[in-house]
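The values are calculated or read from the model by the stated rules, or taken from the named source; none is laboratory data. Predicted, not measured: the structure shown is a model, and the values here were computed from it. So basically every Cβ, Gly included, is an ideal-geometry build from the backbone, and we count neighbours across all protein chains shown. Calculation scope for accessible area: heavy atoms of the full protein, side chains included, ligands and nucleic acids excluded. Shrake-Rupley method; radii C 1.70, N 1.55, O 1.52, S 1.80 Å.
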Amino acid sequence: MAVKAILKMGDPRLFEISKPVTAFDTPQLHELIEDMQHTMAALNGAGLAAPQIGIGLQVAIFGVTRNPRYPDAEEVPYTVLINPKITPLDQEMEEEWEGCLSIPGMRGLVPRYKHLRYQGYDPYGKVIERSVGGFHARVVQHECDHVQGILYPMRIRDMRNFGFNEVLFPGQLAQEE
Ligand code: NI
C-alpha cells in the first residue's frame with residue numbers, strides 16, 4: 001500500500017490501451033486498488049485509472065463525497081470499476097469543465113454523453129451495472145477514456161477552452177480526475 005507517482009501527459013504509457021483484468025479477488029489486484037485509493041485520496045482526486053500509475057490494466061476508481069470546498073460538485077458513489085463498458089442511452093451530449101491528475105493545474109471544456117449505462121466488475125468479479133447521468137456519467141467517461149489511452153484534451157472541440165486553472169477560474173479550487 002503506497003501513494004504512487006502519477007504519470008503526466010507526455011508519457012507514452014498514458015496513450016496505450018490497457019488490458020482487461022482476467023483474475024479477480026487476487027492479492028495483486030487488491031494491492032493495486034489499495035495503491036490507487038491511497039494515491040487518489042492523497043491528491044484529493046475524483047477518479048483515477050490504473051494506467052495513470054503506470055499499470056496497463058482496465059481498472060478505475062472514482063467517487064465524490066459532499067465536500068464544502070466544492071459546493072457545486074454532485075455526489076458520486078465510491079466505485080471500483082474493472083473492465084468497464086459504456087453504452088450511451090441517447091445521443092445527447094453536454095460540455096463541462098474537466099481536470100485530470102495527469103494534467104495538473106489545467107482544465108478543459110469537454111463534450112460527454114449526458115446519459116449512459118455502464119457495466120463492469122468489482123474486485124471480486126461481481127457485475128456492476130448502472131444507468132447514470134450528469135457528473136457521474138462524466139466521471140465514468142473520463143476514467144474509461146484513460147483505460148483506452150485517451151486524455152481529455154483529445155476530446156476538446158475548441159482549444160481556446162483549454163487552459164490554466166488560475167486563469168480560467170481565479171480563486172477557485174479545482175478537483176481533478
Ligand atoms: Ni484523468
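Within the stretch 24-33, does at least one residue satisfy the condition of being in contact (Cβ under 8 Å) with a residue 60 or more places away in the chain, assigned to a loop (DSSP other than H, G, I, E, B), open to solvent by less than 80 Å² (accessible area, probe 1.4 Å) and not aliphatic (A, V, I, L, M)?
Narrowing the stretch 24-33 to residues in contact (Cβ under 8 Å) with a residue 60 or more places away in the chain: 24-25, 29-30, 33.
Now narrow it down to the ones that are assigned to a loop (DSSP other than H, G, I, E, B): 24-25.
Filter again for open to solvent by less than 80 Å² (accessible area, probe 1.4 Å), leaving 24.
Cutting the leftovers down to not aliphatic (A, V, I, L, M) gives us 24.
The answer is yes; a qualifying residue exists.
Which one is farthest from V139 (Cα to Cα), of the residues in the stretch 98-111 that are within 13 Å of the ligand (Cβ to nearest atom) and in a strand (DSSP E or B)?
It comes out as M106.
Every residue, every condition in (1) open to solvent by 70 Å² or more (accessible area, probe 1.4 Å); (2) within 11 Å of Q141 (Cβ to Cβ); (3) modelled with pLDDT under 95, yes or no:
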residue	(1), (2), (3)
I61	no, no, no
V64	no, no, yes
P68	yes, no, yes
E92	yes, no, no
Y113	no, yes, no
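Taking into account only those residues within the stretch 137-177 that are among the charged types (D, E, K, R), within 21 Å of G10 (Cα to Cα) and without any contact (Cβ under 8 Å) to a residue 60 or more places away in the chain, which is least open to solvent (accessible area, probe 1.4 Å)?
For the stretch 137-177, the residue satisfying everything is D145.
On the given criteria, is L7 open to solvent by less than 70 Å² (accessible area, probe 1.4 Å), assigned to a strand (DSSP E or B) and among the aliphatic types (A, V, I, L, M)?
The answer is no for L7.
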